[in-house]
Each structure stands twice: as C-alpha cells, then as structure tokens.
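Report on the structure given below.
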Amino acid sequence: MASVWSIGDIHGQIHHLEALLEALPRQPGDVTLFIGDYIDRGPDSAGVVRRVLAEHDAAPDDTVLLWGNHEDMAASTFGFDAPSHLEYDPYDWFRNGGLEAMQSYGYAAPELFSAPCPEDLERLFPLLNVYWRPPTDRFPELENCIYVHAGILPGLTPERSSGEVMLWIREDFLDYEDTSGRLVIHGHTPYRNVRVQRDKIGIDTGAAYGGLLTALRLPEMQIYQTDGAGYLESLRLIADE
C-alpha cells in the first residue's frame, strides 16, 4: 500500500530536513508532499530550496510542492504571480524572514533589497500548488483528505476558496469543526506537537523556532520527527473522538 508523506513548515532548517528525509522509510509509489514555507527565518533557505527541487527532479510524479504564505510574499516581492493576490508592503517579506533568506543566497544589506530573484526560487514558484487532493485511484483510503498550507473555510471546497484564505487563514479555520467528513492536513500555525482533530491535522511543529520538523504518513497515521541534531522519533497518532 502506498503512503503519502507530508512534511511541515521547514523555514530554512536544512539540517532538520536532511535528517528527516534520510530517516523516512519511503517506498516506490509513495508521495512526498511539502506543506509550504520552505524559506525564511532559518539559516539556510537556499539549501532547503535546493533539496526540495532535487526531490522533485528525482521523482516529479511523486513529489507535491505546496505554496506557503512565505513563498507568496517572496513571489510578490520579485514581481511573480502570487496566489493570494495580496498587495504586500515592499518590505513585508524582508520583515518576515526574507532578509535571512536572501542572506543565505549570499546577499548582504543593503544590496539584498534590490537584488534579483535567486534562480532557485524563480524555478520553484511555477512548481507550487495551492492545495492537493490525493488521487483516488492511487490512494482510495484518502479520498476525503485535502492538503493545504494554512486551511480552508468550513463548508467551502478548495475550488471555491481564495488563495489568500488557503495561505493565511488561522482562527476561522482552526477554531471551528468541519462536519462534512473531510480531513484537512495543514501547516502555517505552529504547535509544540502535531495537532490532531477529527477534521484537521496540523503538522507545523515550530522548526523555525527551535522545535521539531514533522512528517505525517497517511493512511497509516504515523509521524516521524527530528530536531536535526540526532533526535528522531516515530509515533502513531490517534485522532480525537
């Protein structure tokens, strides 16, 4: 049986990502999905983007890359189409980790504020999806699952939702239960550990702030977590009733 491995917000933590990918017992036919926010805040956004692109190059049909709100801010800063269609302040991205991201590409202030888009980021943006539904022919057990960076308004499908909502929503998604029977796997809002509810699973465990990086394996309901410095744990989850 094939699995979907979804990896939470990385935020430039290359050591976490490398340790996690090395540890995952992925098999041919499995899908690896990145929930977005590859860049910003951590020390090596450039290294993370290179590794994510390498994953995609090695298995393009089995690698899913989602937009995060940080990629959205970066794309807008460099004049690329960004799915939120928000009008960011020119320095919003730099204030939210873009400064560290550009430094990881070798730029220093003040020239980084007018530097061109790094080639890796320019290549990454067109590969990103706002959400992903597992194909039912490959993953019939996951027909009710939706993967998205931040969340979806209760009662709305992703097809009827805006990019702004799916990349930025918090309380209106997190605080309300969706009774339609779907399960939304998301990142964006960090928790000390995986947040499991009947209708949603949050897998941002705060790697950007000294926490763990998490991979969720479905349909097995198993997680792998690492701190990037030797700690690794594998657990099985039980959803709240």
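The values are calculated or read from the model by the stated rules, or taken from the named source; none is laboratory data. This is a predicted model, so every value here is computed, not measured. So basically every Cβ, Gly included, is an ideal-geometry build from the backbone, and we count neighbours across all protein chains shown. Protein only, heavy atoms only, side chains kept; ligands, DNA and RNA dropped before computing areas. Shrake-Rupley method; radii C 1.70, N 1.55, O 1.52, S 1.80 Å.
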Six or more apart or on different chains, Cβ atoms under 6 Å: show the pairs whose first residue is in the stretch 96-112 and hydroxyl-bearing (Ser, Thr, Tyr) and whose second is crowded, with 16+ Cβ neighbours inside 10 Å and outside any loop (DSSP other than H, G, I, E, B). SER104/SER45; SER104/ALA46; TYR105/ALA46
Does ARG170 satisfy the criteria of being without any contact (Cβ under 8 Å) to a residue 60 or more places away in the chain and either within 21 Å of ASP40 (Cα to Cα) or charged (D, E, K, R) (or both)? yes
If I ask for residues that are of a type outside the set (Gly, Ala, Ser) and either surrounded by 23 or more Cβ atoms within 10 Å (Cβ to Cβ) or assigned to a strand (DSSP E or B) (or both), which ones from the stretch 192-204 would you list? ARG195, VAL196, LYS200, ILE201, ILE203, ASP204
Selection from the stretch 15-60 of residues without any contact (Cβ under 8 Å) to a residue 40 or more places away in the chain and outside any loop (DSSP other than H, G, I, E, B) yields LEU21, GLU22, THR32, PHE34, VAL48, ARG51, ALA54, GLU55, ASP57, ALA58, PRO60
Helices (runs of 4 or more DSSP H) wholly in the stretch 79-191 with at least 1 residues that are closer than 24 Å to TRP5 by Cβ and open to solvent by less than 80 Å² (accessible area, probe 1.4 Å) - which ones? 119-124, 163-168, 171-174
Between a residue in the stretch 77-91 that is farther than 14 Å from PRO116 by Cα and any residue that is assigned to a loop (DSSP other than H, G, I, E, B), which pairs come within a Cβ distance under 6 Å, given they are 6 or more apart or on different chains? PRO83/TRP67; PRO83/VAL130
Please work out which one of (1) under 17 Å from the mean Cα position of the chain (by Cα); (2) closer than 15 Å to GLU122 by Cα is the condition MET102 fails and give its number. (1)
Residue, most open to solvent (accessible area, probe 1.4 Å), within the stretch 205-241, restricted to residues that are part of a helix (DSSP H, G or I) and not hydroxyl-bearing (Ser, Thr, Tyr): ALA208
